[in-house]
Each structure stands twice: as structure tokens, then as C-alpha cells.
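Below: the structure, in C-alpha cells.
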Amino acid sequence: METTKAPLPPIPSDDKHLITVLSIDGGGIRGIIPGIILGFLESELQKLDGDQARLADYFDVIAGTSTGGLVTTMLTAPNEKNRPLYAAKDIKEFFLEHSPKIFPQNNNLLSNIVKLTKNLFGRPRYSGKYLRSLLRGKLGDTKLDQTLTNVVIPAFDIKRLQPTIFSSFQLKKRPDLNALMSDICIATSAAPTYLPPHYFETKIDHGKVISEFNLIDGGVAANNPTLVAIAEVTNKICQNGPIANVNVEAMQYERFLVISLGTGSPKQEKKYSADEAAQWGILSWIATTNGSTPLIDAFSQASSDMVDFHLASLLRALKSEHNYLRIQDDTLSGDLSSVDVASEKNLNDLVKVGESLLKKPVSKVNFKTGIYEPVNHYETNEEALKRFAERLSKQKRFRKSKMSINGIAKNSNKGYYK
């Protein structure tokens with residue numbers, strides 16, 4: 001019998017006020033995958049609103065962890081014309097150009113032995129010098145309060161053993177969080193065993209240190225930062241009232257429009273069994289095999305999937321599933337599932353993964369099997385992104401019309417959506 005497809009979710013005729021959220025997971029070089037997705041979304045917005053349209057023009061908050069934090073910064077840090085430093089289509093080229101220098105590949109026996117020895121005796125696999133130099137050069141003196149829309153970037157402070165959330169929403173209350181975006185990116189990307197932890201200070205104008213940070217990868221706290229972003233919006237509304245002149249109250253989660261992008265995960269048969277792990281000691285948990293590190297895989301995938309579970313369940317209860325789009329690929333294997341195998345072949349293969357993911361049906365994780373399964377209407381991710389682009393464009397036009405009617409100033413130094 002032929003399977004009957006359920007109808008696609010309708011585009012609401014009147015969205016009125018929405019809070020718009022974009023979230024990007026951590027995953028090292030696999031950041032190429034959401035980069036491809038974002039390039040497509042921005043191109044659809046440009047078809048609707050012109051070639052100068054950028055993602056920062058449409059989202060009230062963009063959140064990212066680790067490599068997602070780097071992508072977030074690329075999309076929101078201002079250039080000399082006070083427009084985003086990068087168009088979304090340029091993210092792919094950024095990864096292709098710089099990943100081999102961030103994660104240099106010396107695939108000979110001696111270099112692998114040296115790398116393993118360094119790892120075992122107290123040093124990360126990579127020095128991080130190129131990444132630091134790159135970010136310092138690209139971002140200069142840009143600070144958190146200068147981003148073109150609100151951003152939320154998690155890191156983890158190993159001295160305090162507490163998450164540190166670099167959030168635009170907290171700056172009035174926590175001026176010590178107004179760090180250089182380069183420091184924030186270096187910190188959130190400092191994956192344990194891969195890159196060194198990052199120490200930096202924030203100071204007030206006359207040079208007095210007001211806070212110090214000892215940070216590692218934000219994936220330790222929230223590899224999928226979607227709920228962190230929503231919580232930051234909620235706290236902001238509770239404390240200071242509506243954001244961006246949008247009439248949405250703190251607990252109106254059905255008024256959140258959310259796109260959450262994963263960076264891929266290993267397919268089921270490439271994961272681990274209890275019998276296999278029962279033979280592991282400390283070294284086996286942190287050793288890289290076929291491009292993956294079990295301990296890193298465990299905390300990053302657990303974090304990402306639990307966030308997806310909570311948010312999907314909440315919006316299902318509110319009958320607002322059409323407001324949430326999670327795009328993730330769980331079919332990666334070998335080098336594709338690694339965070340650092342930056343060979344030319346693997347990077348180009350990751351581009352193909354991102355491009356093929358657009359053509360796949362919208363899927364949801366089955367929490368019994370851990371496998372992503374197509375939803376019953378078989379809408380593709382590409383079609384879903386087009387639908388969301390229409391709603392984002394409508395929301396932008398709606399806000400402009402309301403601003404015009406109400407005489408709200410349009411020249412905020414925080415940009416349209418701050």
C-alpha cells in the first residue's frame with residue numbers, strides 16, 4: 001500500500017508578534033554542515049527582501065556553542081559598514097580555508113605518536129595559536145555589546161566549575177561579561193584534549209580588572225544552546241519587559257519561532273556498546289578512534305538531544321510544533337564524525353553532507369532508538385527553511401509597520417532586533 005503523506009504545516013496567515021531564535025550546535029570542523037544550511041536560509045531571505053538581507057536582520061537572538069559560537073560571531077559582528085562581518089554563504093569557505101591550519105594534519109606514524117604522547121602527558125593535541133591569531137585579526141576590538149543582534153554563547157569556567165554565558169541580555173546587569181568577541185570565541189571553542197583552555201580578563205575604562213575567566217568549550221555546559229537562548233530571552237522579559245518592541249510575555253513559548261541546527265552525529269552502528277566500553281580505562285575514553293572521542297561524543301550528544309527532547313515536548317504540548325525546526329544528520333561515520341580531521345577530502349565531504357541534508361525529510365529523534373526519523377508529512381529541510389524564511393520576512397515587515405504606526409525610533413545602536 002502507498003503511504004499517504006500528511007499535509008504540510010500551513011504558513012500562518014497572521015503571525016503577529018514572535019520572538020525569533022537561531023541556534024547552532026558545537027562540533028568542530030562539522031560547523032561546515034550548519035554553515036551550508038544557513039547559506040541556503042539567507043539566500044531564501046534575499047529572494048524575498050533583496051541581496052543585502054542578512055540573518056542578523058531577522059533573529060532576535062542567535063546562539064552558538066563552540067564552532068557554533070564562532071559561526072554566531074561571524075553572522076553578528078559588525079564590519080566597517082556596520083553590517084555583518086560575513087554573509088552566511090561565506091561560512092563554508094571560511095572553514096575550508098582555515099580548518100587545516102587550526103587542526104594541522106600530519107598523518108605519519110611519528111607525528112601521531114608525538115600527538116598521542118602530548119595528549120597523555122598534559123598537553124592538548126593542537127596549540128590553538130593559529131585560531132587565536134585568526135580571531136584577533138578578524139574581530140579586532142569588537143566587544144559583545146557591539147554585535148548586530150543579541151547573541152548567547154556558552155562557555156565553562158573550570159576554576160569556578162560553573163557555566164559562563166556570554167549574553168547580550170545580561171550586559172546591563174553584568175558589565176564584566178562585555179568581553180572581546182575574539183576572547184569569547186577562543187574560549188567557547190577550547191574543547192578539552194583538543195585545544196588549550198583560555199584565560200582572559202575584562203576591565204573597566206581605567207584598566208581595573210573587574211572579572212577573570214578560565215574557560216573551556218561551551219559544549220561542556222550546553223552543546224545545543226537553544227534552551228539557553230530561550231531562557232535568556234525569558235529572563236530579560238521578566239526583568240525589563242518586552243525585547244525589540246515585541247509584545248510577547250515571558251511564558252508565551254508558543255510565540256517563539258526557533259531554528260536549531262546540529263553539526264551531525266555518528267550513525268547508530270558506529271557508536272559504542274556496553275560490552276566494548278566495559279573494557280575501557282581512562283585512556284580509551286579520551287582516545288580518538290575513527291575520528292571520534294567517546295567522552296566528547298557522550299557529553300555533546302547527550303546535551304544536544306536532551307535540549308531537543310525538552311523543547312519539542314514543550315511546543316507539542318502548546319500545539320506549536322510548526323514554530324520549531326531542528327535539522328540534524330545522524331548518519332556520519334569515520335572521519336566525517338570527527339571534530340578535527342581537516343583533510344581536504346573530509347572537509348569537501350562535509351560540504352556534501354550539508355548539501356544532501358537540505359534534500360532530506362524533516363526528521364525528529366526517536367528517543368527509544370536514538371535515530372532521527374522522518375515526520376509523517378515528509379517535508380524536506382529545504383522546503384521547511386523556505387517556509388520559515390517566509391515567516392521571518394513577514395515578521396520583519398510586520399515590525400516595521402508597527403514601528404511606523406507607533407513612531408518607535410528606528411536608529412537604535414543595537415540594530416533593528418535589539
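Here are the numbers:
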{"item": "Linear extension gain, Glu355 paired with Asn106, 0.36 nm per residue minus alpha-carbon span", "result": "86.8 nm"}
{"item": "Under 5 Å, built H, 5+ apart or other chain: amide partners of Ile210", "result": "Thr202, Lys203, Ile204"}
{"item": "Long-range HN-HN contacts of Thr380 with modeled amide H, under 5 Å", "result": "Val362"}
{"item": "Using θ = phi - 60° and Karplus 6.51 cos²θ - 1.76 cosθ + 1.60, couplings along the stretch 316-322 (whole Hz; Gly, Pro as x)", "result": "5, 5, 8, 6, 10, 4, 5"}
{"item": "Rounded FRET efficiency, nearest 0.05, which uses the C-beta distance separating Lys319 from Asp145 and R0 of 45 Å", "result": "0.75"}
{"item": "Spin-label proximity, Lys172 to the stretch 226-240 - amide N less than 17 Å from point 7 Å beyond Cα toward beta carbon", "result": "232-240"}
{"item": "Burial ranking of peptide ranges 76-82, 189-195 (average Cβ count within 10 Å, highest at the top)", "result": "189-195, 76-82"}
{"item": "Net lengthening on full extension, Arg83/Asn366 (0.36 nm per residue, minus Cα-Cα)", "result": "97.9 nm"}
{"item": "For the stretch 91-104, 3J(HN,Hα) per residue [Karplus equation, 6.51 cos²θ - 1.76 cosθ + 1.60, θ = phi - 60°, Hz, x = Gly/Pro]", "result": "4, 4, 5, 4, 5, 4, 6, 9, 4, x, 8, 6, 10, x"}
{"item": "Ordering of 338-346, 159-167 by packing [mean C-beta count within 10 Å, highest first]", "result": "338-346, 159-167"}
{"item": "Residues Asn214 and Glu97, FRET efficiency given R0 of 30 Å [Cβ-Cβ distance, rounded to 0.05]", "result": "0.50"}
{"item": "FRET efficiency, 1/(1 + (r/R0)^6) with R0 41 Å, evaluated for Phe398 and Tyr130 via beta carbons", "result": "0.40"}
{"item": "Residue-wise HN-Hα coupling along the stretch 345-353, computed from phi with Karplus coefficients 6.51, -1.76, 1.60 (Hz; x: Gly, Pro)", "result": "4, 5, 5, 5, 5, 5, 4, 5, 4"}
{"item": "Other-chain or far-sequence residues with amide H under 5 Å of Val365's (modelled H)", "result": "Glu373"}
{"item": "When each of Lys172/Lys396; Lys47/Lys394; Lys47/Lys396; Lys129/Lys159 is checked by Cα-Cα distance, pairs over 19 Å", "result": "Lys172/Lys396; Lys129/Lys159"}
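Readers should treat all values here as calculations from the given coordinates under stated rules, not as data from a laboratory. Being a predicted model, the structure only gives us computed values, none of them experimental. Cβ coordinates were reconstructed from backbone atoms using ideal geometry, including for glycine residues, and neighbour counts include every protein chain displayed.
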